[in-house]
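The values are calculated or read from the model by the stated rules, or taken from the named source; none is laboratory data. Values in this document were obtained by computation on a predicted structure and should not be read as measured data. Here the Cβ positions follow ideal geometry from the backbone for every residue, glycine too, while neighbour counts run over all protein chains shown. Accessible surface areas use protein heavy atoms only, side chains included; no ligands, DNA or RNA. Shrake-Rupley method; radii C 1.70, N 1.55, O 1.52, S 1.80 Å.
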Amino acid sequence: FLGIPKKMLRVLIFLFFASSTFSLHFHEPFDESWGTRWNIINNQKYQGHWSVEKPQDQENLPGSEALTVLDVAKHHAIITSLRPPLNHTDGDFVLQYEVKFLNGLECGGAYLKLFAGEQFGPSSFSSETPYTIMFGPDKCGFDSKIHFIFQHKNPLTHEFQEKHLISPPIVPSDKLSHLYSLVIHDNNKFEMFVDMELVKEGSLLEDFIPSVNPLKEIDDPNDFKPKDWIDEPMMPDPDTEMPDNWDESQPKEITDLEAIKPKDWLEEEPLFVSDEKAQKPLDWNDEDDGQWFPPQIRTLSSLLCYFILFSCNFTIN
């Protein structure tokens, strides 16, 4: 589990299979013995501390203990081994965990990574350690996504390549607990849920970049632009002729002589007035900031005047 905190996040993890018979492979409630099952990573990048605590808003609620990150603006990592090792070949695979950002999330993540046995080791773990699946929320500024990335082995080259979900769903922007669920079906379909509501579904073979299945068509690498190719999408029609009665000296627009000024036309109506709904900011200081004036807004009649001018007072020749 990897986390970049905003003081505290709450985590409960479930890993199970759904086929003809339900099988719970891994369940972590983070009880008093959690420290015997988990290894806290401490290296040059991951220096954050962890503990199991009750959220401040649930101190009196029994069983509300949760894995908690303690340090602000630090990377956190904590790992455990699956016992027995995961060897999934049949049925649906489900990865599910609960997270709560007590102070919201501005820039950070709280995602899970599943590692293959031969690639996994607490002493050698780093951000570059190859993983099999990465899933969970990650946000920084306007970049908000629930990751789903998996490693795929090319059957021809036998090399592994990361496959990133196209258009992943966004992270909920509140301070509530949310249950994140990933379901991988044995027909190469997947589903993603937040609080048991479907937020994304698709195909493992087609909805990732780069695609698992090769594209049916690709650009011809040996193709080239013809020398006489014209980039402009449109050009003057060489076969058209100017009408005999065309007069180049005439203006494009003329005044409509039949137009009549409306009876309620306001010649002296101002274009802008002070916004009556505007309020002086509470931290405004006249000595430092100067005299405060409300912002100016257009009057409704001025907007109507412009509309009438542009829509009625001209005749196209």
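Numbers for the structure displayed
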{"read-out": "Lone qualifier among 197, 206, 201, 191 - being under 30 Å from residue 99 (Cα atoms) and either of a type in the set (Ser, Thr, Tyr) or open to solvent by less than 100 Å² (accessible area, probe 1.4 Å) (or both)", "value": "191"}
{"read-out": "Matching option when the condition is closer than 30 Å to residue 299 by Cβ and at pLDDT 85 or above, among 248, 269, 258", "value": "258"}
{"read-out": "Residue within the stretch 130-142 that is among the aliphatic types (A, V, I, L, M) and in contact with a strand residue (DSSP E or B) (Cβ under 9 Å, 6 or more places away or on another chain) present", "value": "yes"}
{"read-out": "2 or more residues within 23 Å of residue 174 (Cβ to Cβ): qualifying strands (runs of 3 or more DSSP E) within the stretch 73-137", "value": "92-101, 107-114"}
{"read-out": "Residue that is nearest to the chain's Cα centre (by Cα), among those in the stretch 129-144 that are open to solvent by less than 60 Å² (accessible area, probe 1.4 Å) and more than 15 Å from residue 96 (Cα to Cα)", "value": "144"}
{"read-out": "Total residues in the stretch 67-114, condition within 25 Å of the chain's Cα centre (by Cα), within 15 Å of residue 133 (Cα to Cα) and not hydroxyl-bearing (Ser, Thr, Tyr)", "value": "8"}
{"read-out": "Residue that is farthest from the chain's Cα centre (by Cα) [pool: residues in the stretch 185-198 that are farther than 17 Å from residue 111 by Cα and in contact (Cβ under 8 Å) with a residue 12 or more places away in the chain]", "value": "186"}
{"read-out": "Any pair with Cβ under 6 angstrom, 6 or more apart, that starts in the stretch 41-54 at a residue that is closer than 21 Å to residue 113 by Cβ and ends at one that is among the small types (Gly, Ala, Ser) and outside any loop (DSSP other than H, G, I, E, B)", "value": "41/77; 46/77"}
{"read-out": "Residue 35 vs. criteria in a helix (DSSP H, G or I), over 22 Å from residue 145 (Cβ atoms) and either open to solvent by less than 70 Å² (accessible area, probe 1.4 Å) or at pLDDT 85 or above (or both)", "value": "yes"}
{"read-out": "One residue from 206, 267, 217 being farther than 30 Å from residue 154 by Cβ and either in contact with a Lys or Arg (Cβ under 7 Å, 6 or more places away or on another chain) or not hydroxyl-bearing (Ser, Thr, Tyr) (or both)", "value": "267"}
{"read-out": "Pair list, Cβ under 7 Å, 6 or more apart: the stretch 149-168 residue open to solvent by less than 90 Å² (accessible area, probe 1.4 Å), other residue of a type in the set (Lys, Arg) and not in a loop (DSSP other than H, G, I, E, B)", "value": "149/163; 150/163; 152/163; 168/145; 168/200"}
{"read-out": "The listed residue being of a type in the set (S, T, N, Q) and surrounded by 10 or more Cβ atoms within 10 Å (Cβ to Cβ), out of 213, 245", "value": "213"}
